[in-house]
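Here the structure is laid out as structure tokens; the discussion comes afterwards.
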Amino acid sequence: MRGMMMDRPLRVADILTYSEEMHAAAEVVSSTVEGGIHRESYAEMAVRSRKLAKALQAMGLGTGDRVATLAWNGFRHMELYFGIPGVGAVCHTLNPRLSPEQLTYIVGHAGDRVLFLDLTFVPLAEKLQPQFPDDLRYVILTDAANMPETSLPNAHCYEDMLAAQDDDLEWPDFEESTAAGLCYTSGTTGVPKGALYTHRALVLHALLVGVSMRNSLSMGKRLMPVVPLFHANAWGTAHAAPLTGTSLIMPGPRLDGPSIWELMESEKVFAAWGVPTVWLGLMEEIRKRGRKPSELGELVIGGSAAATSLIQGFEDLGVSVCHAWGMTEMSPIGTLGILSPEQMSLPAEERLRLKSTQGRRAFMVDLKIVDERGDRQPHDGSSTGELFVRGPTVVSGYFSNQEASESAIDDEGWFGTGDVASISREGFLNITDRSKDLIKSGGEWISSLDVENLAMAHPHIANCAVIAVPHPKWEERPVLIAVPAVDEPDPDDIRTHLEGQLAKWQMPDDIVFVDDLPLTATGKVSKLALRKTYADYKLPA
Ligand code: AMP
């Protein structure tokens, strides 16, 4: 028997309308690219998002059109987050840290029709424009006074575009399975792959984050997402903050320790979310100044494993740390390090041990671990295997990539994360390794296989593997382990060979020559064995 409730679709724009009505005075405070602080209430953000929506419609954009953004965390990026999906189009966030080749591939593959970009990225877009589609249109996220001279064809000014519109708009209706957002993530091999979020998934994810993270997200709280809007919905804060009436403090392009400390202090930030590298920078600043920003009370650390020492450092300052795990493909939150009252009253050491795990699953996220033979492993805290996830906020495949889609989902309909983990009886997830050939440095991916392929093209290398070794600031850095093809290969020669083809931060920090590489039973290079051998490797200073 079917239930009898209204079949209203879940739409991203409804979050905006709700915040306009219920949290009108909560604000988005932005450290702007042009300089200075900009303030806008959620009521103002809603009006401007409707103007943007009308401008998009005037450009002929609507359901299914991909509209790209290349921007820092700021109020205009937030307006794009609502205005674009509001008209049924797809908000496609581009990660400016990707290589030029990846960016041009992604813009072409997504079929972007317009690119909205911050002033910072005008030179980058000018450089890539000849490789971008001919009919791509450009809108610069600034006002007339700051419009730059640019070679970008017919570049529009964002503020002029909004000024030409009124906000008399009813958000259109469409099915909740309509695509709302697109975010590409690095593949282990080959090209980046697009996670295509639906309205339904984003609204459910906002609820999931809002319900789980009430300490960060509630009326009157002030939250700084240092995690970029171009990284999977800034971990859901972009939607959950307006929904819950939490003010957002946006750091713009200034992500160094001193800038973050100052903005936290002047804007009375209570909660902040970001990758470990950012918090190491903040901790350094705290040590220099001898105190934390006055109101700072909660840090959410994710994107890479948070070291126990980092968690302890902040907890000792009275800042509660929540260690979170997730993926772009999961909208992205999967697990959160929130302890029950009983767990909070455990001895400090035990509490810290629990906080150092990746936490427990969020509502609507199912977890299973599976061994090499495909057998499910018990959640007993010691059995490990590949982690699979399932739920309404998890991708069912990748945008326009059948091959990657097919290999992403197992026979039971679960998504394979490429992370190796155990799960305790109480549900704490512990990531122990990674089966995917990727290195995460400062929150950004480096494909080991890409670097290996380039290195193998050098005539003095017979075989090689690129692995991650621990790094105090960047969490992981790549090291090239190579079997030479000649007697005395010159590492500088190999570096020069790689330099032209990799972004600077993707270059191996060291090259180690070995006689042979460890192999698995199937004859592949055993990265697991190599990572063990080099677990304590000290990089050259
Ligand atoms: P991304 O899609 O870029 O957000 O990357 C997701 C991947 O980052 C996961 O599959 C993990 O490999 C890694 N990751 C994210 N959060 C954590 C964490 N808290 N601890 C360890 N690895 C993490």
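The values are calculated or read from the model by the stated rules, or taken from the named source; none is laboratory data. As the structure is a prediction and not an experimental result, all values here were calculated from the model. All Cβ positions, even for glycine, are placed from backbone atoms using ideal geometry, and neighbour counts span all protein chains on display. What goes into the accessible areas is simple: the full protein's heavy atoms, side chains included, and nothing from ligands, DNA or RNA. Shrake-Rupley method; radii C 1.70, N 1.55, O 1.52, S 1.80 Å.
Over the stretch 43-198, with every protein chain in place, what whole percent of the accessible area is carbon and sulfur at 1.4 Å, could you tell me? Roughly 48 percent, rounded to a whole number. Of all beta bridges that DSSP places with both ends in the stretch 12-253, some 35 percent have antiparallel geometry.
Here the Debye sum runs over all C-alpha atoms of the chain as equal scatterers in vacuum, and log10 of I(q)/I(0) at q = 0.06, 0.07, 0.11 Å⁻¹ comes out as -0.29, -0.40, -1.02. Helical runs assigned H by DSSP (4 residues or longer) give the chain a calculated mean residue ellipticity at 222 nm of -9000 deg cm²/dmol, each run adding -39500 (n - 2.57) before division by the residue total.
Enter the mean projected area of the convex hull around the alpha-carbon atoms of the stretch 1-68, in nm², rounded to one decimal. List each step's numbers first, then the result.
Values: hull surface 30.3 nm².
So the Cα hull casts an average projection of 7.6 nm².
Where both bridge residues fall in the chain, DSSP classifies roughly 55% of the beta bridges as antiparallel.
Taking amide hydrogens as placed 1.01 Å from N in the peptide plane, the amide H of residue 320 sits under 5 Å from those of 298, 299, each at least 5 positions away in sequence or on another chain. Maximal additional length on extending the residue 131-residue 375 stretch stands at 83.2 nm, based on 0.36 nm per residue less the C-alpha distance.
Under a 5 Å amide H cut-off, with hydrogens placed 1.01 Å from N, residue 73 pairs with 229, 252 among residues at least 5 apart or on other chains. Looking at the P(r) of the stretch 365-434, how many percent of alpha-carbon pairs lie beyond 19 Å? The share of Cα pairs beyond 19 Å in the stretch 365-434 comes to 33 percent. Karplus-based coupling profile of the stretch 330-338, in residue order and whole Hz: 10, 6, x, 6, x, 10, 9, x, 10, with θ = phi - 60° in 6.51 cos²θ - 1.76 cosθ + 1.60 and x standing for Gly or Pro. The order of the peptides 66-74, 109-117 by mean Cβ neighbours within 10 Å, most packed first, is 66-74, 109-117. Working from the Cα coordinates of the stretch 12-253, the gyration tensor eigenvalues give, after taking √(5λ), semi-axes of 26, 20, 18 Å in decreasing order. Binning the C-alpha pair distances of the stretch 468-511 at 5 Å intervals from 0 yields a P(r) profile of 5, 19, 27, 23, 16, 7, 2 %, listed from the shortest bin outward.
For residue 137, the residues whose modelled amide H falls within less than 5 Å of its own, excluding neighbours fewer than 5 places apart on the same chain, are 114, 115. The packing ranking of peptides 196-206, 469-479, highest mean first, is 196-206, 469-479, where packing means the average number of other beta carbon atoms within 10 angstrom of each residue. Comparing 84, 144, 172 along the charge dipole axis of the stretch 12-253, the residue lying farthest to the positive side is 84, per the Cβ-charge model.
Under a Cβ-Cβ cut-off of 15 Å, what is the net charge of the residues other than residue 247 that fall near it, where Lys and Arg count +1 and Asp and Glu count -1? Net local charge, residue 247 excluded: -3. Under a model in which nothing but the beta-carbon of Lys, Arg (+1) and Asp, Glu (-1) is charged, the chain shows a dipole of about 1180 debye around its Cα centre. For the chain, averaging the sequence separation of C-alpha pairs within contact (under 8 Å, six or more residues apart) and dividing by the residue count gives a relative contact order of 10 percent. Could you tell me which residue out of 409, 242, 462 lies farthest along the dipole of the chain toward its positive end? Charges go on the beta carbon: Lys and Arg +1, Asp and Glu -1, centred on the Cα centre. The listed residue farthest towards the positive side: 242.
For the peptides 233-240, 345-352, residues were scored by their other Cβ atoms within 10 Å and the scores averaged per peptide; the highest-first order is 233-240, 345-352.
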